[in-house]
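The values are calculated or read from the model by the stated rules, or taken from the named source; none is laboratory data. Values in this document were obtained by computation on a predicted structure and should not be read as measured data. Here the Cβ positions follow ideal geometry from the backbone for every residue, glycine too, while neighbour counts run over all protein chains shown.
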Amino acid sequence: MIWAELGIAVIKIVLVLFAVLTLVAYLTFAERRVSAFIQDRIGPNRVGPFGLLQPLADGVKFIFKEDIIPKDANKYIYIAAPAFSLVTAIIALAVIPIGRGFETTLFGLLQDPIFVKLQIADLNVGILYVLAIGSLSVYGIVLGGWASNSKYSFLGGLRGAAQMVSYELAMGISILGVIAWTGSLRLDDIIEAQQHYWFVFPQILGFIVFLAAVFAETNRLPFDMPEAEPEIVAGYHTEYSSMKFAMFFMAEYTHMLVMSCLIVALFFGGWYPLPFGGWFGVDIDTYWYLPPIVFVGKVFAFLFFFIWVRFTLPRFRYDQVMNLGWKVLFPLAIVNLIVISIAILVLQHYGYMG
């Protein structure tokens, strides 16, 4: 039984890696096509039918591009920084549940069926794990900017560190309302607590704060200060080329994926399709494949939203980014936590919450 569980874990890791890397590649394609649509252009459509092989062509191009290391760079840290950013982004997905799971005997190899959960690791502190791993990603940006021995790269790294520290505080406090409402740090428990209503309704303020903080955490427009082209060329990855340059972008899109999963799990009901009312009486333990479809569909919707916002809103100034984080989002997150705490006490007093 132990070997079966170990084998299933290895299979899940391989499938997640394959799915994530493939999705990240096609997110670059989707972003270029959506931007072309917004700007009344065509976008990439030459490589393969409808341009669908463009990510493969880009990957081959990055592999064969000249890999340049600046003369005065700290070579080992310079090489490790993009890998650190990508690895921390990928391993954060280990605790994301996309469905309840199913029972299997592994094609008759086992006498007793075992339950396979649709996540790599089911941790009691799942949210803390994601936040902890996500906070480590800033080291890739800071070390990459410092090791390049370039003023522009160094400024980009400092901006990235200041921005992530500023917005992680507001993001963490906005999540506390959800944790207090459910009394659990497990993502599965939080999703199951939303089978009657999504948390975006009672915690709309927390969701708004979390959404803004997520854009800043992922360095996406209008919060892409660490790589603002008109000011610091390309920021922390100015001196990078070839696959190391590609790995920074893969890390950014993987962070988008992680944060989209978190938004769906914390505020939009996870694998429950309706804002109110569960699954219409459908037995999702029998039809176990329906919840993953719903969850992934919601994640795709938010990935599209990330792309749409990038080509809709202008970039903020750096002082505006800092003011928004400390003077607006942080106080709003505190207010949201206070309001949710009072609401929980009132509901418990009248017997509506356990």
Quiz item: Does the range 275-286 contain at least one residue that is in a loop (DSSP other than H, G, I, E, B), surrounded by 22 or more Cβ atoms within 10 Å (Cβ to Cβ) and modelled with pLDDT of 85 or more?
Solution: no
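Tell me whether the range 327-335 contains one or more residues that are touching a Ser or Thr at 6+ places or on another chain (Cβ under 6 Å) and assigned to a helix (DSSP H, G or I). Working first, answer last.
Let us first name the residues in the range 327-335 that are touching a Ser or Thr at 6+ places or on another chain (Cβ under 6 Å), namely 333.
From what's left, assigned to a helix (DSSP H, G or I): 333.
Yes.
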Exercise. Out of the residues in the range 239-274 that are in contact with a Leu (Cβ under 8 Å, 6 or more places away or on another chain) and of a type in the set (S, T, N, Q), state the one that is surrounded by the fewest Cβ atoms within 10 Å (Cβ to Cβ).
Key: 260
Quiz item: Which ones in the range 327-354 are surrounded by 13 or more Cβ atoms within 10 Å (Cβ to Cβ), modelled with pLDDT under 90 and farther than 19 Å from residue 266 by Cα?
Solution: 347
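Based on this model, can you work out whether residue 300 counts as surrounded by fewer than 17 Cβ atoms within 10 Å (Cβ to Cβ), within 20 Å of the chain's Cα centre (by Cα), under 23 Å from residue 201 (Cβ atoms) and not small (Gly, Ala, Ser)? First the steps, then the outcome.
On the way: surrounded by fewer than 17 Cβ atoms within 10 Å (Cβ to Cβ): yes; within 20 Å of the chain's Cα centre (by Cα): yes; under 23 Å from residue 201 (Cβ atoms): yes; not small (Gly, Ala, Ser): yes.
Yes, satisfied.
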Quiz item: Hey, among 150, 137, 174, which residue is surrounded by fewer than 23 Cβ atoms within 10 Å (Cβ to Cβ) and hydroxyl-bearing (Ser, Thr, Tyr)?
Solution: 150
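Return the only residue of 213, 180, 193 being buried (at least 20 other Cβ atoms within 10 Å of the Cβ), at pLDDT 85 or above and among the small types (Gly, Ala, Ser). I'd like the intermediate steps shown before the answer.
On the way: 180 fails: buried (at least 20 other Cβ atoms within 10 Å of the Cβ); 193 fails: buried (at least 20 other Cβ atoms within 10 Å of the Cβ).
Being buried (at least 20 other Cβ atoms within 10 Å of the Cβ), at pLDDT 85 or above and among the small types (Gly, Ala, Ser) holds for just one of 213, 180, 193, which is 213.
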Practice problem: Give, as residue ranges, the helices (runs of 4 or more DSSP H) completely inside the range 111-217 that count at least 3 residues that are of a type in the set (Gly, Ala, Ser) and in contact (Cβ under 8 Å) with a residue 40 or more places away in the chain. | Solution: 126-147, 151-182, 204-217
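Based on what the data block shows, is residue 88 among the polar types (S, T, N, Q), surrounded by 16 or more Cβ atoms within 10 Å (Cβ to Cβ), out of contact with any Pro (no Cβ under 9 Å at 6 or more places or on another chain) and at pLDDT 85 or above? Before the answer, list the steps.
Values: among the polar types (S, T, N, Q): yes; surrounded by 16 or more Cβ atoms within 10 Å (Cβ to Cβ): yes; out of contact with any Pro (no Cβ under 9 Å at 6 or more places or on another chain): yes; at pLDDT 85 or above: yes.
Yes; evaluated as a whole, the condition is true for this residue.
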Quiz item: When you go through (1) without any contact (Cβ under 8 Å) to a residue 60 or more places away in the chain; (2) over 27 Å from the mean Cα position of the chain (by Cα) one by one for residue 344, which number turns out not to apply?
Solution: (1)
Quiz item: Just wondering, is there one or more residues in the range 113-134 that are surrounded by 14 or more Cβ atoms within 10 Å (Cβ to Cβ), modelled with pLDDT of 85 or more and closer than 24 Å to residue 244 by Cβ?
Solution: yes
Practice problem: From (1) within 24 Å of residue 168 (Cα to Cα); (2) surrounded by 18 or more Cβ atoms within 10 Å (Cβ to Cβ), pick out the condition that doesn't hold for residue 44. | Solution: (1)
